[in-house]
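J.: Could you have a look at this structure, given as C-alpha cells, before my questions?
The values are calculated or read from the model by the stated rules, or taken from the named source; none is laboratory data. What you see is a predicted model, and the numbers here were worked out from it, not measured in a lab. Neighbour counts are summed over all protein chains in view; Cβ atoms, including those assigned to glycine, are modelled from backbone coordinates with ideal geometry.
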Amino acid sequence: MVQGFKASAVSAGIKKDGGLDMALIFSEKGAAAAGVFTTNKVKAAPVILSQENIRKGRVRAIIANSGNANACTGKVGLDNAYREAEWVAKELGIHPDEVLVASTGVIGTPLPMDRIERFIPELIKRLVPEGLPDAAQAIMTTDSFSKISRFAGQAGGKPYQILGIAKGAGMIMPNMATMLCFVLSDIHIDPADLSKSVSSSVKTTFNRISVDGDTSTNDTVLVMANAMAGNGELNAGDYESFQKGLTHVMDDLATMIVRDGEGATKVVYVKVKGAASHEDAETAARTIANSSLVKTAFYGQDPNWGRIMAALGRCHISMQEADVHIWVDDIQIVDGGLAIGADAEKRASKKMAQKAFSVTIDLRQGEHEDQVVTCDLTPDYIAINSDYRT
C-alpha cells in the first residue's frame with residue numbers, strides 16, 4: 001500500500017479468458033505525474049489521450065484495460081478513450097483531464113464501450129488501499145504472473161513508499177519502455193523533477209530489455225506522487241535517494257518482464273564493453289540481444305559464438321575481428337576473435353543451462369559499455385503468438 005492511493009479491478013468480459021480485465025487507480029489528493037510513451041509512429045488512442053493529459057503534470061486517476069489495445073481504431077477509438085476518461089471523472093467528481101487511460105491487448109478492434117460504461121461504477125465502488133495486486137492482475141495479457149515491486153525510503157526525515165506494477169511478456173523491445181507500468185509514491189516532488197527522474201530511470205531499465213525486438217503501439221509508463229508522506233522540498237541527497245529507489249523498482253519490473261518473456265526459459269544479460277562510443281556499445285548489445293539465431297542458441301545451451309561474431313559484424317560499429325573477446329559468465333570462449341577450444345565451450349554450455357547467465361563481449365576499441373537484458377527464443381513463443389487472436 002502507498003498512503004493516499006486506492007485501486008480496484010473487475011472482470012468486464014473484455015478478455016476472452018474471463019479474468020480481471022479492467023483496473024482503476026485513484027489518488028485521494030492531486031498527484032504530480034510524469035510519463036514515458038511509445039515512440040512507435042502507430043500510437044494507440046489511450047497513448048494520445050494520456051500524453052495530452054499528463055502535460056500539466058498533475059492527475060488523480062488511471063483507468064486501464066487488458067484484452068483490447070484500442071489501437072488502429074481511428075477517430076472512434078480516440079473518442080472512446082475520451083469518453084472513458086469522462087465517465088471515470090464524473091463518477092469520481094474530478095476533471096476529465098485528471099484521468100489517464102491505458103489499454104493493452106488485440107490491435108484493431110474497437111473497445112466494447114457498453115461494458116466499460118457498465119463496470120466503471122463497480123470499479124469505483126471497489127476502490128480500496130489494498131487493491132493494487134488485483135490491478136496488477138487485471139492488466140495482464142500473455143503474462144504468466146503479475147509483476148509488483150516496492151521500495152521504502154526517507155526524505156526530509158519522513159518515510160515514503162514507491163510501489164510499481166507492470167505487464168509485459170511479448171512485443172518487448174523498447175524505444176522508451178515497452179509494456180504498461182504504473183508507479184505510485186507518496187513522496188512530495190515537483191512535477192518537473194519527477195519527469196526528469198522518470199526519464200532517467202526508464203533509460204537504464206525498461207529501455208534496456210528485449211524479448212522479441214518488437215515495440216508496441218501502447219507502451220506506457222505512468223508515475224504518480226501525491227505528497228502524502230509529508231516531506232518538504234527535496235534536497236539533493238533526498239532526490240538522489242528517490243532516483244535510486246525509482247530505478248530499483250523499474251529495474252525489478254523490467255527483469256520480471258524478461259523472465260516472463262513469452263515462452264522464455266532463461267534470462268540473459270548481454271554486456272558489451274570496450275566500445276569506441278556509448279552508441280556502439282548500445283547498438284552491439286541490442287543487435288546481439290535481438291538476434292533470433294543467438295537467442296535460439298541460448299535456448300539450446302549452445303555457446304555458438306560465431307553467431308555473436310556475425311551479429312557484431314553487421315551492426316555498423318567500430319570493431320576488429322581480431323580484438324573480440326567473449327565470455328559466458330566467467331568462462332572465456334573467444335580470445336582475439338578465435339575459439340579457445342571445445343573444453344571451454346563445454347563448460348560454457350553448463351553455465352547456459354542456468355535460468356540466468358551473462359554473455360560479455362569485450363571489443364577492445366575504447367572505454368564505453370552497455371547492457372541489454374534479453375531471453376531465449378523457444379518453440380513456445382511461436383505457439384503463443386500464432387493463435388493470439390483465436
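J.: Given the conditions (1) farther than 18 Å from Trp305 by Cβ; (2) modelled with pLDDT of 95 or more; (3) not acidic (Asp, Glu), and given that Val373 satisfies all but one, which numbered condition is not satisfied?
T.: Val373 satisfies all of (1) farther than 18 Å from Trp305 by Cβ; (2) modelled with pLDDT of 95 or more; (3) not acidic (Asp, Glu) except (2).
J.: Within the stretch 31-50, track down each residue that is touching a strand residue (DSSP E or B) at 6+ places or on another chain (Cβ under 8 Å) and either charged (D, E, K, R) or surrounded by fewer than 16 Cβ atoms within 10 Å (Cβ to Cβ) (or both).
T.: Correct list: Thr39, Lys43.
J.: Quick check on this structure: which one of Leu234, Leu246 is outside the structural domain of Ser318 (by TED's automatic domain parsing), part of a loop (DSSP other than H, G, I, E, B) and under 21 Å from Gly35 (Cα atoms)?
T.: Leu234
J.: I'm trying to understand the selection: among the residues of the stretch 166-191, which are in a loop (DSSP other than H, G, I, E, B), at pLDDT 95 or above and buried (at least 24 other Cβ atoms within 10 Å of the Cβ)?
T.: Answer for the stretch 166-191, where residues must be in a loop (DSSP other than H, G, I, E, B), at pLDDT 95 or above and buried (at least 24 other Cβ atoms within 10 Å of the Cβ): Asp186, Ile187, Ile189.
J.: Please identify the pairs in which a residue from the stretch 153-169 that is assigned by TED's automatic domain parsing to the domain that holds Thr141 has its Cβ atom under 6 Å from the Cβ atom of a residue that is of a type in the set (A, V, I, L, M, F, W, C) and part of a strand (DSSP E or B), counting only partners at least 6 apart or on another chain.
T.: Every condition considered, the pairs that remain are Gln161/Ala152; Ile162/Phe151; Leu163/Leu184; Gly164/Val183; Ile165/Ile148; Ile165/Phe182; Ala166/Cys181; Lys167/Leu180.
J.: If you take just the helices (runs of 4 or more DSSP H) that sit entirely in the stretch 272-343, which of them hold at least 1 residues that are over 26 Å from Thr378 (Cα atoms)?
T.: Helices (runs of 4 or more DSSP H) meeting the threshold: 278-290.
J.: Here is a further query. Given Ser241, Ser292, Ser210, Ser197, which one is at pLDDT below 95 and over 12 Å from the mean Cα position of the chain (by Cα)?
T.: Ser292
J.: How about the stretch 46-60: which of its residues are at negative phi and not in a helix (DSSP H, G or I)?
T.: Listed by number, the residues that qualify are Arg58, Val59, Arg60.
J.: Which ones in the stretch 83-107 are surrounded by 23 or more Cβ atoms within 10 Å (Cβ to Cβ) and of a type in the set (D, E, K, R)?
T.: Glu84
J.: Is at least one residue of the stretch 14-27 among the aliphatic types (A, V, I, L, M), more than 21 Å from the chain's Cα centre (by Cα) and either in the same structural domain as Asp190 (by TED's automatic domain parsing) or under 20 Å from Pro129 (Cα atoms) (or both)?
T.: Yes, because at least one residue in the stretch 14-27 is among the aliphatic types (A, V, I, L, M), more than 21 Å from the chain's Cα centre (by Cα) and either in the same structural domain as Asp190 (by TED's automatic domain parsing) or under 20 Å from Pro129 (Cα atoms) (or both).
J.: With Asn207, Asn218 as the choices, which residue is free of Cβ contacts under 8 Å to residues at least 60 places away in the same chain and farther than 24 Å from Pro159 by Cβ?
T.: Values: Asn218 fails: free of Cβ contacts under 8 Å to residues at least 60 places away in the same chain.
Asn207 is the lone residue from the list that is free of Cβ contacts under 8 Å to residues at least 60 places away in the same chain and farther than 24 Å from Pro159 by Cβ.
J.: Return yes or no: is Glu130 exposed (fewer than 13 other Cβ atoms within 10 Å of the Cβ) and of a type in the set (D, E, K, R)?
T.: yes
J.: Kindly list the number of the only condition in (1) touching a Leu at 6+ places or on another chain (Cβ under 9 Å); (2) among the β-branched types (Val, Ile, Thr); (3) part of a helix (DSSP H, G or I) that fails for Thr255.
T.: Looking at each condition in turn, Thr255 falls short on (1).
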